[in-house]
Amino acid sequence: MKNRKYLLPVAATGILALALTACSGSNSGGGQTASADCSKYESYGKHDGKTISVYSTIVDLEATNLEKTWAAFEQCTGATIKYEGSKEFETQIGVRAKAGNAPDIAIFPQPGLMADQARAGNLKPAPKAVSDAVDKNWSADWKKYGTVDGVFYTAPMLANVKGYVWYAPKTFKDKGWDVPKTWDEMMELSKKIADDGAMKPWCAGFESGEATGWPGTDWVEDVVLRAQGPEVYDQWVSHKIPFNDPRIVEALDKTGEILLDDKMVNGGFGDVRSILTTGFAQAGQPVLDGQCAMHHQANFQASNWPEGTVIAPEGDVWAFMTPPIDASKGQTITGGGEMVGAYKDTPEVQAFQTYMASAEFANDRVKLGGVISANKGLDPNNAQSELDKLSINLLQSKETVFRFDGSDLMPGAVGSNSFWKGIVAWINGTPSKEVADSIESSWPKS
Amino acid sequence: MDFIGGKLLQVVIALAVFAAIIGLLMLLVDRAPKSAKDKITVIGFLAPAAVLLLVGLVYPAVQTSFLAFTDSAGRLNGLDNFVWMFTQPEALATLRNTVIWTVLVPLLSTVFGLAYAVFIDKARGERILKALVFMPMAISFVGAGIIWKLVYDYRGPGIEQTGVLNALRVALGMEPKQFLLDAPENTVFLIIVMVWIQTGFAMVILSAAIKGVPMELVEAARLDGANPWQQFRNVTVPGIRGSLVVVLTTITIATLKVFDIVRTMTAGNYDTSVVANEMYTQAFRAGEPGRGAALALILFLMVLPIVVYNARVLRQQKEIR
């Protein structure tokens, strides 16, 4: 009996020792394809046995496609990419960085969030190779989104284009309506449809759980950019002019001519206020069954249509870009995109950063479908759908003035809080001026 | 599969380590010198819990209290967060709503639960009747929020209604109504959801308490000529006083912390926000952890007196026994 008393401590230390060695989880990288042409990857060097951890908001199919795209890079450089996608990224990245558990690479969906991390001293400035690649492959605007206080941190990755107006080509053809070329033509058409009475001109839905209101911020950003031009837009977003500047209130009122008029909205759902209780993904559906004519939503609306919907100029649905207010000034568009930032400056991480800024990555990823990029080296023919092709052409066109989604650039207290809430209150009946005042008062003081 | 296997192994190892540490501790306590054995035993068994409390409760509480006096960049800003809380109309609406919630929910749930428990007491099919009211307890607040959101769903006049309540209204010849958009009545519509959940809890506890009231007392009251209301008022209610306090305080604390219902149904929009919801929004979405912490502190101060009162009532009862 006496001997057995020593059994437990011995066993315990044994288990402890085991635990200490076995705690690190293993996770192999994405599926390796049989063979790839490694000549394209020579410049990134050899990094056998090195691991690069990547963290982002991208999950499911999109994540699988990313890993597929990376397979050749992994195979040719010998580095392993450990990918983790999470919908909690926005709150978790700050927590992880603070806890000393940051990933090597983080893919930020919002430049504002990235800037916070850069200012906190967590992100590493991008190496020269990345900076050069971005100079070569992107417009100066895009480079600016990755620059914080004069230091360049992050290269853009993929992009989305906002401000499309979705419509059913068949309905337009049957009724003899033309796709409007200017804002005024669009308003005229809307009035005509409203007077006709067969359907409402517009469908809208801003409900999105705790993010309710964001589709409305997209609307307002589109109108500010088109009505006031890029200079005022930039000043507005960077708070050089207050949020309640008369020009911004005017843009709200202009948007309100559509969104706050019971005759204009909300096909298939009810009055103006039903916009707030209609999910953004369902909101467009009445376009298909002829209860409304138009629906304002980004290119990713393509995935909200029911399966089997043909998206083409002659198909079930198609989209035109929200038209310019002054056609002589060319097309202005808003959109979003991801930024690739590094928390480490080891050679393999920098090689990966450089690769992510390259045209090869953009082409390989776009070939798999579902996304586009503003990378100038991207061949539009690699796009997998008509709409993607249209979006790429818009992004690459010299005539296009592109601006990043304003709410993503604003500080979190505004961009992902008071602006959304303001839009909700506005649709619910609060006057434009009052809404702008309350958003202005929420702008962080420091 | 590899991944799941690895995780499973980690879990097993973690559990084994835990068991080993506890085993080791017990062994050491067991082998302690006779003279100080009692002391060491007490310390040995309390220490793990005390350490966990310190790390998991006391330390975060202290840190949160400190955070409540800092701004978004982590600098001390005195009472600014509290000034914000008691001056901004939005934050004031949040506090007002929380007060409405904490008054109405415990009161209504307890009254309905008590009435139901009294009426079905010794009725035929009592168990089934009880189960019907108790069932919502099994639904999570998020689930209940989604269910009721569908109940309150709105479509314009002339369009087929998808929400039960609006379908009823239209069938009765009334206009459909946007239940969740008009303050302040929308707070009441949210409160109904919580009452729906908590009534079952109140009913079960109170029903058990009613059955514990001595039969002799009730019969004596009846022989003295007390009518049913007098019996209820003067015999049953004093007999279940302890349970009533427990039910009221438990529901009050749950109500002060209510978050999921508001978050899923309105996300705090349309003037329906409550302290717990605003705490989360400020800390994690608006990037104002200081304001979030200040709200947490206020919430803590609101819960404290209720907990203290509850503990005192329970102690008094123990003394009586």
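The values are calculated or read from the model by the stated rules, or taken from the named source; none is laboratory data. Owing to the predicted nature of the structure, the values given are computational and were not obtained by experimental measurement. Counting neighbours? That spans all protein chains shown, and the Cβs are built from the backbone with ideal geometry, glycine included.
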Where the second residue is surrounded by fewer than 13 Cβ atoms within 10 Å (Cβ to Cβ) and assigned to a loop (DSSP other than H, G, I, E, B) and the first is within 14 Å of chain A (Cβ to nearest Cβ) and lies in segment B:61-79, which pairs have Cβ atoms under 8 Å and are six or more apart or on separate chains?
B:D71/A:S446; B:S72/A:S446; B:A73/A:S446
Would you check if there is a residue in segment A:163-179 being within 24 Å of A:G412 (Cβ to Cβ) and buried (at least 20 other Cβ atoms within 10 Å of the Cβ)?
yes
In the set B:W196, B:W229, the lone residue that is free of Cβ contacts under 8 Å to residues at least 12 places away in the same chain, in a helix (DSSP H, G or I) and not acidic (D, E) is B:W229
Any chance segment A:32-53 includes a residue that's touching a Lys or Arg at 6+ places or on another chain (Cβ under 9 Å) and modelled with pLDDT under 80?
yes
Count - residues of segment B:81-110 that are of a type outside the set (A, V, I, L, M, F, W, C), more than 25 Å from the chain's Cα centre (by Cα), surrounded by fewer than 19 Cβ atoms within 10 Å (Cβ to Cβ) and modelled with pLDDT of 85 or more
1
So which residues in segment A:285-304 are within 19 Å of the chain's Cα centre (by Cα) and part of a loop (DSSP other than H, G, I, E, B)?
A:Q297, A:A298
Could you check segment A:305-323 and list, in sequence order, the residues that are touching a residue at least 24 places away in the same chain (Cβ under 8 Å) and either buried (at least 16 other Cβ atoms within 10 Å of the Cβ) or in contact with a Lys or Arg (Cβ under 8 Å, 6 or more places away or on another chain) (or both)?
A:I311, A:D316, A:V317, A:W318, A:A319, A:F320, A:M321, A:T322, A:P323
Got a number for residues in segment B:235-266 being within 14 Å of chain A (Cβ to nearest Cβ) and in a helix (DSSP H, G or I)?
6
Suppose we filter A:T147, A:T154 for residues that are out of contact with any strand residue (DSSP E or B) (no Cβ under 7 Å at 6 or more places or on another chain), buried (at least 17 other Cβ atoms within 10 Å of the Cβ) and of a type in the set (S, T, Y); which single one remains?
A:T147
Any idea which of (1) among the polar types (S, T, N, Q); (2) over 30 Å from B:G287 (Cβ atoms); (3) surrounded by 10 or more Cβ atoms within 10 Å (Cβ to Cβ) is the one B:S35 doesn't satisfy?
(3)
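Here's the yes/no breakdown for (1) within 11 Å of chain A (Cβ to nearest Cβ); (2) out of contact with any strand residue (DSSP E or B) (no Cβ under 9 Å at 6 or more places or on another chain); (3) closer than 24 Å to A:G429 by Cα:
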site: B:P157; (1), (2), (3): yes, yes, yes
site: B:V164; (1), (2), (3): no, yes, no
site: B:V188; (1), (2), (3): no, yes, yes
site: B:V195; (1), (2), (3): no, yes, no
Any residue in segment A:51-71 that is touching a Ser or Thr at 6+ places or on another chain (Cβ under 9 Å), within 20 Å of A:A126 (Cα to Cα) and aromatic (F, W, Y)?
yes
Any residue in segment A:363-377 that is surrounded by fewer than 21 Cβ atoms within 10 Å (Cβ to Cβ), without any contact (Cβ under 8 Å) to a residue 24 or more places away in the chain and not in a loop (DSSP other than H, G, I, E, B)?
yes
Options B:D38, B:D30; residue that is over 30 Å from A:A115 (Cβ atoms) and more than 11 Å from chain A (Cβ to nearest Cβ):
B:D38
So how many residues does segment A:185-213 have that are part of a loop (DSSP other than H, G, I, E, B), of a type outside the set (S, T, Y) and on the phi < 0 side of the Ramachandran plot?
6
Failed condition for A:E231, given (1) in contact (Cβ under 8 Å) with a residue 24 or more places away in the chain; (2) under 18 Å from A:M410 (Cα atoms); (3) in a helix (DSSP H, G or I), with all others met?
(1)
Pick out the one residue from B:N277, B:N310, B:N269 that is in a helix (DSSP H, G or I) and within 14 Å of another protein chain (Cβ to nearest Cβ).
B:N277
Inside segment A:369-392, the number of residues satisfying the requirement of being over 18 Å from the mean Cα position of the chain (by Cα) and not hydrophobic (A, V, I, L, M, F, W, C) is 9
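Residue-by-condition table, conditions (1) modelled with pLDDT under 90; (2) not hydrophobic (A, V, I, L, M, F, W, C):
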| residue | (1), (2) |
| --- | --- |
| B:S207 | no, yes |
| B:I210 | no, no |
| B:M215 | yes, no |
| B:G225 | yes, yes |
| B:P228 | yes, yes |
| B:G242 | yes, yes |
| B:T252 | no, yes |
| B:K257 | yes, yes |
| B:D260 | no, yes |
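The rows are residues; the columns are (1) outside any strand (DSSP E or B); (2) touching a residue at least 60 places away in the same chain (Cβ under 8 Å); (3) over 30 Å from A:H296 (Cβ atoms).
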{"residue": "A:A97", "(1), (2), (3)": "yes, yes, yes"}
{"residue": "A:A102", "(1), (2), (3)": "yes, yes, yes"}
{"residue": "A:A129", "(1), (2), (3)": "yes, yes, yes"}
{"residue": "A:A133", "(1), (2), (3)": "yes, yes, yes"}
{"residue": "A:K144", "(1), (2), (3)": "yes, no, no"}
{"residue": "A:P156", "(1), (2), (3)": "no, yes, no"}
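Does A:I275 fit the bill of being in a helix (DSSP H, G or I) and either surrounded by 23 or more Cβ atoms within 10 Å (Cβ to Cβ) or within 14 Å of another protein chain (Cβ to nearest Cβ) (or both)?
On the way: in a helix (DSSP H, G or I): yes; either surrounded by 23 or more Cβ atoms within 10 Å (Cβ to Cβ) or within 14 Å of another protein chain (Cβ to nearest Cβ) (or both): yes.
Here the answer is yes, as A:I275 does meet what is asked.
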Which pairs turn up if I take residues in segment A:387-413 that are free of Cβ contacts under 8 Å to residues at least 40 places away in the same chain and look for partners that are surrounded by fewer than 19 Cβ atoms within 10 Å (Cβ to Cβ) with beta carbon separation below 6 Å, at least 6 apart in sequence or on another chain?
A:K389/A:P380; A:I392/A:P380; A:N393/A:P380; A:A413/A:P444
Which one of B:V11, B:V17 is part of a helix (DSSP H, G or I), free of Cβ contacts under 8 Å to residues at least 60 places away in the same chain and more than 10 Å from every other protein chain (Cβ to nearest Cβ)?
B:V11
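Looking only at segment B:112-127, which residues are of a type in the set (V, I, T) and either over 20 Å from B:I197 (Cβ atoms) or at pLDDT 90 or above (or both)? Walk me through how you get there before you give the answer.
From segment B:112-127, those of a type in the set (V, I, T) are B:118, B:120; that's our starting set.
Scanning segment B:112-127 gives a single hit, B:V118.
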Considering residues of segment A:82-97 that are within 11 Å of another protein chain (Cβ to nearest Cβ) and either among the charged types (D, E, K, R) or touching a strand residue (DSSP E or B) at 6+ places or on another chain (Cβ under 7 Å) (or both) only, the residue farthest from A:Q117 (Cα to Cα)
A:E88
Segment A:394-408, residues that are away from chain B (no Cβ under 14 Å), in contact with a helix residue (DSSP H, G or I) (Cβ under 6 Å, 6 or more places away or on another chain) and assigned to a helix (DSSP H, G or I):
A:G406
What is the residue count in segment A:409-440 for residues that are facing another protein chain (nearest Cβ under 9 Å) and basic (K, R)?
1
